[in-house]
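Q: Just dropping this structure here.
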Amino acid sequence: MDKFIDYSIPFEGLKEGRHIFNYKIGSSFFELFEQPLIEQGQIDVEVELNKSSALLTLTFKINGVVESVCDKCLESLTLSAENEALMYIKFGEEYDEPTDEIIVLPHDEHQINVAQLIYEFICVCLPMRHVHADDEDGNTTCNTEMMNQLDDYLVEDAAEEEQDEYIDPRWEALKNLVDKNK
C-alpha cells in the first residue's frame, strides 16, 4: 500500500474549475520520508487545484510552525513556515519535470500525489540557519550556559597566528629586491 495515498488528488472525475484540498501536517507526515530535514511541526496546507482542459494549476498555501534545533546553542527552536507556491501540470507522453514549476504527467494518469511537493515547499520556506532571534536590544536569546560552554571549548589556532608572523627568508630577500627597484 502506498504510504502517501492520503496526499493523492484524483483529478480525472473533477469538473473544470477550482477545487480546494486541505491537509494538516504533523510529525506523522514527516515520518513518511527517509531522513527528513524536519521531524515535527503543525502546518496547515491548502492546495487549490484549478482544472482546465489543457492543464492543471496547483496553488500551495503553507502556514504553520516547525520544531528545529538552534544551530548555535542546540536548544529547541520554533520556526515559522509560510509559503505560497504555484505548480503547472501538463500532459504528455511520459513523466517529466522540465522546470521547477512544471510537471508533465502521462496522458493516462488520473491523479497526482502532492506529498513530495508539500514537503519540498515546507523545506524551502525555512531559513538556511536555524538560530534564535535576537531580542529588541540586539542581544542573542540563545541559551547562555551552552554558549559559555562552547566558548570554553573554542580553540584558537595559534599555529596560524605564528605562521602569519613568520616570513620565509627567501621571500624576504625577494621583497627587498622589489623595494629597491621602486
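Q: Which of (1) touching a residue at least 40 places away in the same chain (Cβ under 8 Å); (2) under 19 Å from ASN63 (Cβ atoms); (3) among the hydrophobic types (A, V, I, L, M, F, W, C) does ILE20 not meet, given it meets every other one?
A: Single failed check for ILE20: (1).
Q: Which of the residues spanning the stretch 1-57 are basic (Lys, Arg) and either surrounded by 13 or more Cβ atoms within 10 Å (Cβ to Cβ) or not in a loop (DSSP other than H, G, I, E, B) (or both)?
A: Matches in the stretch 1-57: ARG18, LYS24, LYS51.
Q: Hey, can you tell me all the residues within the stretch 56-79 that are among the small types (Gly, Ala, Ser) and either over 18 Å from the mean Cα position of the chain (by Cα) or at pLDDT below 90 (or both)?
A: Once the filter is applied, which keeps residues that are among the small types (Gly, Ala, Ser) and either over 18 Å from the mean Cα position of the chain (by Cα) or at pLDDT below 90 (or both), the stretch 56-79 yields SER68, SER76.
Q: Okay, next question. Right, GLU101: among the charged types (D, E, K, R), under 18 Å from ASP6 (Cα atoms) and more than 14 Å from the chain's Cα centre (by Cα) or not?
A: Against the criterion (among the charged types (D, E, K, R), under 18 Å from ASP6 (Cα atoms) and more than 14 Å from the chain's Cα centre (by Cα)), GLU101 does not qualify.
Q: Further, regarding this structure: Out of the residues in the stretch 12-33 meeting the condition of being modelled with pLDDT of 90 or more and of a type in the set (Phe, Trp, Tyr), tell me which one is farthest from ILE118 (Cα to Cα).
A: PHE21
Q: Sticking with this one: Has the stretch 90-106 got any residue that is within 30 Å of THR140 (Cβ to Cβ), out of contact with any Cys (no Cβ under 6 Å at 6 or more places or on another chain) and either basic (Lys, Arg) or at pLDDT 90 or above (or both)?
A: Scanning the stretch 90-106 turns up no residue that is within 30 Å of THR140 (Cβ to Cβ), out of contact with any Cys (no Cβ under 6 Å at 6 or more places or on another chain) and either basic (Lys, Arg) or at pLDDT 90 or above (or both).
The values are calculated or read from the model by the stated rules, or taken from the named source; none is laboratory data. Given the structure is predicted, the values throughout are model-derived calculations rather than measurements. Quick reminder, even Gly has a Cβ in these numbers, built from the backbone with ideal geometry, and neighbours come from all protein chains shown.
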